[in-house]
Amino acid sequence: MVYLWVVAGAVAVGTILFTILRLSRRRSKKRQAPRHSGDNVVPFRRKGSTNKPSAQKCSFCGKEELLTFYAGDNGIVKGVCKHCKPKAEGRDMLPL
């Protein structure tokens, strides 16, 4: 009879230890940094601010310069460099 009580106590102690170890593992995983579940997730990183605007191609001549944008006849937006600006104003394009 004493043997039965010793076995029951050992099982109870083993169950309690198993539960405590399992809970401590879950807590340690929660403390770690969260990991993304997919490979297609890209972290957001801020870029340093560049105050200089980038050069784009002119719609008329194709040179890469800073552009002024105009609305064409059909509402199409066209980027125009400073050399082609008189052409755009001659076609009565509206500046944006």
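The values are calculated or read from the model by the stated rules, or taken from the named source; none is laboratory data. Note that the coordinates shown come from a computational prediction; the quantities given were computed from them, not determined experimentally. Every residue, glycine among them, receives a Cβ derived from its backbone with ideal geometry; neighbour counts consider all protein chains shown. The protein model used for the area step is the full one, side chains on, heavy atoms only, and it has no ligands, DNA or RNA in it. Shrake-Rupley method; radii C 1.70, N 1.55, O 1.52, S 1.80 Å.
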Qualifying residue in the range 35-55 (condition: modelled with pLDDT of 80 or more and closer than 30 Å to residue 83 by Cβ) | yes
Single condition residue 59 does not satisfy, out of (1) open to solvent by 70 Å² or more (accessible area, probe 1.4 Å); (2) assigned to a loop (DSSP other than H, G, I, E, B) = (1)
Looking only at the range 64-84, and only at residues there that are charged (D, E, K, R) and open to solvent by 80 Å² or more (accessible area, probe 1.4 Å), the one that is nearest to residue 53 (Cα to Cα) = 64
